[in-house]
Amino acid sequence: MAGASDDVLHRRDRADMPPRNHVQPLRDVLGYSTSPPTSPHPGRFPPSFVRPSSPPGIALCKLKADQPSPQAKRKATSDPPNASPKRIKQSPSTPNAAADEPPPRLAKRIVPFPEKPAVIEEREGVIEFRVVNNDGRRESTIILTGLKCIFQKQLPKMPKDYIARLVYDRTHLSIAIVKHPLEVVGGITYRPFDKGQFAEIVFCAISSDQQVKGYGAHLMSHLKDYVKASSQVMHFLTYADNYAIGYFKKQGFTKEITLDKSKWMGYIKDYEGGTIMQCSMVPKIRYLESGRMLLKQKECANAKIMAVSKSYQVHAPPAQWVKGEVTKIDPLTIPAIKNSGWSPVMDELARAPRHGPNYNALLHLLNDMQNNSNAWPFQQPVNKDEVLDYYDVIKEPMDLATMEEKHEKDLYPTPEDFIRDAKLIFDNCRKYNNESTRYAKSANRLERYMWQRIRDIPEWSHLEGELTGK
């Protein structure tokens, strides 16, 4: 599981896979070396990856009407090499000369690209990314042991012997961030399933004193590019705890699982209290260069906007305010505002609140409930294929994911509406499950937590007595 977890339920492994290559710096595997960009594995890895040593600026093109070089194009006014002496020369003032002038040529404009410290450190050789598995080599063992220690420290709820067993398992691969000399500061352990074209991310962690440098995002980009280049894998699956969901969402993961269940069910490790997430990679994207690509697209879009709009222009203040006296004026008397098509109605619509007065408070309450350790049975709707008679017993089902959708649609105008659906979750659970089961106990604990959070809000403190009769 990528993040802290509760007890492990079960696991069904495939037959042992053949051991992978020994320790490999990712700069070499993906062609990111300072030598000429040749593939270290001909026919397997693409040699055309952009090296991170390239300048951080992005070259964009714009039209510039400057003078072309004399060698760029021969003008019609110049003589050909074997011109006849009877040929009449045209003077520069001849009308045809202007028509033969070359069009404006393209000039490069450099747009600075803000780089994370992790990218700069890799380019300067402070860190490197290595692919490693348990092949018996001394260097591999040192790196894997460093990863094991980081995972055990950052994932305290995970059994230490379980972490060690998976990190050293030869069916698993790891990508480690390594500083000289062989100091591991973070990494990802994963298991590829080539036949199913997916890989399971088992552990993902960065040392606590090395965070906020962009290591996590850069590590995930390296993983995606390496896996695409070295295998048929195009999807990632992982179980994320409540603290890791935000990180995985930023890296392109989603809670919506589109991969066929028959490909992964029973093959990946199941964790109690975790949320399964999926990431599907785009074949033509180099994830290490995605930031530059998005910046180029943004600048191109801005250039097209500037060609038809004057919104980027800064205008002088109204003449009435020149002496420093601010007086009320009609906005439509300002030419720029009038030309923009603005109207007072548009201003009223822009200032209108997007959500009801209780939206933010209910959003915080819902997030706190979803992140509570007792919320794991109620995160998603009950699967009718796994619990066959559930919908025969429960006629009005409810879960936290459904509540989140309703909240986004502003279907909870008052806290009472929100609490009724939340109580429906707990009542359904106690109705279907015996009170001694862990499901019913989780419902009771989560309900107590909800009322505790509601009592902390003075405006809502009376609701518990009104809705429960206590």
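The values are calculated or read from the model by the stated rules, or taken from the named source; none is laboratory data. Treat the numbers as computed from the prediction; the structure is a model and nothing was measured. Virtual Cβ from ideal backbone geometry, glycine too; neighbours counted across all protein chains shown.
Report yes if D209 is in a helix (DSSP H, G or I), modelled with pLDDT under 95 and on the phi < 0 side of the Ramachandran plot, otherwise no.
In short, yes.
Could you list all residues from the stretch 440-459 that are over 14 Å from D368 (Cβ atoms) and either outside the structural domain of M398 (by TED's automatic domain parsing) or touching a Lys or Arg at 6+ places or on another chain (Cβ under 9 Å) (or both)?
A440, A443, N444
Give me the residue from the stretch 344-376 that is surrounded by 12 or more Cβ atoms within 10 Å (Cβ to Cβ) and small (G, A, S) and, out of that set, farthest from P415 (Cα to Cα).
S373
I need every pair where a residue in the stretch 127-156 that is under 9 Å from S174 (Cβ atoms) has its Cβ under 7 Å from the Cβ of a residue that is surrounded by 22 or more Cβ atoms within 10 Å (Cβ to Cβ) and basic (K, R), sequence separation at least 6 or different chains.
Here the result reads I143/R130, each pair linking the stretch 127-156 to a residue that is surrounded by 22 or more Cβ atoms within 10 Å (Cβ to Cβ) and basic (K, R).
Could you tell me which residue of the stretch 238-253 is surrounded by the fewest Cβ atoms within 10 Å (Cβ to Cβ), considering only residues that are assigned to a helix (DSSP H, G or I) and of a type outside the set (S, T, Y)?
The qualifying residue surrounded by the fewest Cβ atoms within 10 Å (Cβ to Cβ) is G246.
Among residues belonging to the stretch 309-344 that are part of a helix (DSSP H, G or I) and among the β-branched types (V, I, T), point out the one that is nearest to E299 (Cα to Cα).
Applying the filter and picking the extreme gives I337.
Restricting attention to the stretch 150-208, which residues are surrounded by fewer than 20 Cβ atoms within 10 Å (Cβ to Cβ) and basic (K, R)?
If the condition is that a residue be surrounded by fewer than 20 Cβ atoms within 10 Å (Cβ to Cβ) and basic (K, R), then K153, K157, K160, R165, R170, K179, K195 are the ones that fit.
Looking at the structure I just gave you, is D161 within 25 Å of G274 (Cα to Cα) and assigned to a loop (DSSP other than H, G, I, E, B)?
Taking the combined requirement at face value, the residue does not satisfy it.
Tell me, which residue of the stretch 113-152 that is within 22 Å of the chain's Cα centre (by Cα) and part of a loop (DSSP other than H, G, I, E, B) is nearest to A164 (Cα to Cα)?
Checking each candidate, the answer is K116.
When you go through (1) among the charged types (D, E, K, R); (2) more than 34 Å from the chain's Cα centre (by Cα); (3) closer than 22 Å to H364 by Cα one by one for D417, which number turns out not to apply?
Here D417 clears every test but (2).
Could you look through the stretch 383-400, keep only residues that are surrounded by fewer than 15 Cβ atoms within 10 Å (Cβ to Cβ) and of a type in the set (A, V, I, L, M, F, W, C), and pick out the one that is farthest from N428 (Cα to Cα)?
Filtering the stretch 383-400 for residues that are surrounded by fewer than 15 Cβ atoms within 10 Å (Cβ to Cβ) and of a type in the set (A, V, I, L, M, F, W, C), the one farthest from N428 (Cα to Cα) comes out as L388.
Can you tell me which residue among L349, L365 is within 30 Å of G273 (Cα to Cα) and not polar (S, T, N, Q)?
Matching residue, one of L349, L365: L365.
Got a number for residues in the stretch 254-284 being free of Cβ contacts under 8 Å to residues at least 12 places away in the same chain and either among the aromatic types (F, W, Y) or surrounded by 15 or more Cβ atoms within 10 Å (Cβ to Cβ) (or both)?
Result for the stretch 254-284: 0.
Does A199 count as in the same structural domain as E272 (by TED's automatic domain parsing), part of a helix (DSSP H, G or I), in contact with a Pro (Cβ under 9 Å, 6 or more places away or on another chain) and closer than 28 Å to T258 by Cβ?
Judged against the criteria, A199 is not a match.
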